[in-house]
Amino acid sequence: MRKSLAAGTGLLAILTTVAGTASAAQAASTAYPTAPYEAPYGATYTKGTITFYNRAAMVDGVQRALDTSGCRQTIAKSYSGSTLLDTTYSQVTCYSKVEEVHLYVNADVVGGATSVRVSLNNVASDGTVTELAWDSVPRP
């Protein structure tokens, strides 16, 4: 009988540890606020989700370009009030492609970024960048 009781106690300890770890992981993943963004221009766009961390923000999504529209690039800027904190640029997408965007922008101030501005830009063959559309997203 002792052997069964010891095995049962050990199993209970393992289950409690696993459940505790899962709860901690769930709490950590839901602790940071997120907000959607979308900056369409004709049939091209950049859209996705911004995660606001304590001293940074992560812009995750996709950008789309068409053969007839030229090349597109997503630019993310973090702000504290009206003060620009950081700017990050995605890869350039051309030729009817949809590509993933993962942009990390610093916000190294107490409380992090109060907003993130995400823009869809045209990139000309001579390297000239022109803003086409944007979405300014406040921290939730």
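Does GLN26 qualify as being modelled with pLDDT under 95 and surrounded by fewer than 17 Cβ atoms within 10 Å (Cβ to Cβ)? So GLN26 fits the description; yes. Screening the candidates SER80, SER96 for the property of being under 17 Å from GLY61 (Cα atoms) and either in contact with a Ser or Thr (Cβ under 8 Å, 6 or more places away or on another chain) or surrounded by fewer than 14 Cβ atoms within 10 Å (Cβ to Cβ) (or both) yields one hit, SER96. Scan region 56-69 and tell me whether some residue there is modelled with pLDDT of 95 or more and more than 23 Å from ASN122 (Cα to Cα). Scanning region 56-69 turns up at least one residue that is modelled with pLDDT of 95 or more and more than 23 Å from ASN122 (Cα to Cα).
If a residue must be of a type outside the set (Lys, Arg), open to solvent by 10 Å² or more (accessible area, probe 1.4 Å) and either within 12 Å of TYR79 (Cβ to Cβ) or in contact with a strand residue (DSSP E or B) (Cβ under 6 Å, 6 or more places away or on another chain) (or both), how many such residues does region 112-127 contain?
At the first step, the residues of region 112-127 found to be of a type outside the set (Lys, Arg) are 112-116, 118-127.
Next, from what is left, pick out any that are open to solvent by 10 Å² or more (accessible area, probe 1.4 Å): 114-115, 122-127.
Going one step further and asking which of them are either within 12 Å of TYR79 (Cβ to Cβ) or in contact with a strand residue (DSSP E or B) (Cβ under 6 Å, 6 or more places away or on another chain) (or both), we end up with 114-115, 122-123.
Here the count works out to 4.
The values are calculated or read from the model by the stated rules, or taken from the named source; none is laboratory data. Note that this is a predicted model, so its numbers are computed, not measured. Glycine gets a Cβ as well: all are built from the backbone with ideal geometry, and neighbour counts include every protein chain shown. Side chains are part of the model used for accessible areas, which takes the heavy atoms of the whole protein and leaves out ligands, DNA and RNA. Shrake-Rupley method; radii C 1.70, N 1.55, O 1.52, S 1.80 Å.
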